[in-house]
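> This is the structure, below, for whatever I ask next.
The values are calculated or read from the model by the stated rules, or taken from the named source; none is laboratory data. Everything numeric here is computed off the predicted structure, so don't read it as measured data. When we count neighbours, we look across all protein chains shown, and the Cβ atoms used for this are built from the backbone with ideal geometry, even at glycine.
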Amino acid sequence: MKPPGEKEGPGHGERLPSESVVIDIGGTIGALVVVSPPDLHGAEIEICPVGLGPAARTHTIVRAREAPGVGIVYAGVFPSLPEGDYTLLAQGAMPETVVRVVGGAVAQVAW
């Protein structure tokens, strides 16, 4: 048992690299990986389907991830999205960006 006020383990966005992500794709469902700069580690990033606006948005957290043959990369993963165009909402200096998700595939964007 930890003393009062001391964390039990990593907090929001503080997880160690190399965590697995389950991506559930097929048919009309795809996934999106958003590779970001290290300074967004722990940040919440949001997307919404083009034309539906912020009320339909979903989010994920940018985490440090171990990429085989590459090393540590910082990315947010949206593991299961209906195919279509999505707006990656602006975050600080990172601009609003439109990305396409295709069913049965994993889209990737460097942001």
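> Identify the residue in segment 50-74 that is of a type in the set (Gly, Ala, Ser) and within 16 Å of Pro37 (Cβ to Cβ) and, among all such residues, is modelled with the lowest pLDDT.
Checking each candidate, the answer is Ala67.
> Answer yes or no as to whether His41 is in contact with a Phe, Trp or Tyr (Cβ under 6 Å, 6 or more places away or on another chain) and modelled with pLDDT under 95.
So His41 fits the description; yes.
> Okay, next question. Could you check Val77 against (1) surrounded by fewer than 14 Cβ atoms within 10 Å (Cβ to Cβ); (2) modelled with pLDDT of 95 or more; (3) β-branched (Val, Ile, Thr) and say which number it fails?
Among (1) surrounded by fewer than 14 Cβ atoms within 10 Å (Cβ to Cβ); (2) modelled with pLDDT of 95 or more; (3) β-branched (Val, Ile, Thr), the lone unmet condition for Val77 is (1).
> Specify the residue that is surrounded by the most Cβ atoms within 10 Å (Cβ to Cβ); the eligible residues are those in segment 2-36 that are modelled with pLDDT of 95 or more and in a loop (DSSP other than H, G, I, E, B).
If we take residues in segment 2-36 being modelled with pLDDT of 95 or more and in a loop (DSSP other than H, G, I, E, B), then Ile25 is surrounded by the most Cβ atoms within 10 Å (Cβ to Cβ).
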